[in-house]
Each structure stands twice: as structure tokens, then as C-alpha cells.
1. With no solvent and one point on each alpha carbon, what is the Debye value of log10 I(q)/I(0) for the stretch 41-144 at q = 0.22 Å⁻¹?
2. Can you give the charge dipole size of the stretch 41-144 about its Cα centre, rounded to the nearest 20 debye, using +1 on the beta carbon of Lys and Arg and -1 on the beta carbon of Asp and Glu?
Amino acid sequence: MRGRGSRPGLGPAALAVALALATASAINAESGSISASVQVMPLEIVLDLSDSDALVGESVRARATVTNAGSTRVSDVTVELRVDSSRVIVRGGLTTTISKLKPGQGASMSWWLCGTEAGNYFVLARATLDGASVESEARLLTISGQRRRGC
């Protein structure tokens with residue numbers, strides 16, 4: 001289990017998944033050979049909530065930080081906040097785009113969440129680059145039923 005905000009390493013399981021997802025670029029039936037390429041995702045994404053417990057109608061800030069862990073500049077990274085229920089209103093638009101990230105550079109974006117009904121809701125952020133995506137660890141947002149003003 002990683003600590004909050006720690007960066008994931010590329011362990012044996014991740015390499016196995018990457019190899020399993022490799023796309024065959026050429027198959028030579030006569031010689032029985034297969035050529036493939038693997039593209040490693042250079043992005044890391046971390047999601048934090050300002051509070052994991054809130055009252056109905058109370059706002060909570062969700063902040064995602066995307067870091068380019070690769071060695072080359074990336075462009076047009078799409079970042080999306082995902083909530084598992086329509087009972088949580090998201091202010092700030094669900095999707096934003098980062099135009100450029102240099103190697104080692106990070107960018108942060110925020111959304112405001114407001115629960116309209118009591119319950120437990122999962123929230124995560126997804127960064128997409130050239131059709132490949134990486135997701136943050138899901139965060140649990142607990143909304144209790146003591147009603148405040150509406151969202």
C-alpha cells in the first residue's frame with residue numbers, strides 16, 4: 001500500500017500488464033515471428049480531497065495533480081474528474097486540458113463537489129494522453145444527512 005501522494009513505481013506487475021497490452025505491429029506467418037511495441041505511460045496523477053466527510057449541501061474541493069514523469073515534453077493532456085453518482089454536483093466542468101508539460105513538471109486543477117444526498121461516493125481523476133489513460137487512486141467522499149443550504 002502506497003502512502004498518500006507517493007508516486008507509483010513500475011513494478012513487475014505493471015510491466016506484465018504493459019507487455020500483455022502491447023500491440024502487435026507485424027506478424028510474419030512464414031517464420032512464426034511477431035514484432036510488437038510497448039509505450040509506457042509517462043504521466044502520474046494524484047487526487048486529494050479537502051475533506052473526505054461533508055454535510056449535504058457543503059462544498060468539498062477535489063484537486064488533481066498531473067506530473068510528467070517521462071523524459072520528453074507532452075502536449076494536450078486531458079484531465080477528467082469522475083464521480084460514481086449523479087447525487088454529487090461537480091462545479092468547474094468535468095474535463096480540462098493541459099496544453100504542455102515538460103519532463104518533471106506538474107500541473108494542478110481543482111473542482112468543487114457538493115453532495116445532494118447522504119451516502120458514500122467514489123471520486124477519481126483520469127489523465128489521458130494520445131488515447132492512453134492513467135487514473136488516480138479513488139477517494140471516498142462521505143456525505144452525511146444533516147442538511148445545510150443546497151448546492
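1. -1.03
2. Dipole size: approximately 340 debye.
Each value in this text was obtained by applying a stated rule to the coordinates, not by laboratory testing. Not measured: the values here are computed from a predicted model. Here Cβ is always computed from backbone atoms with ideal geometry, including for glycine, and neighbour counts include all displayed protein chains.
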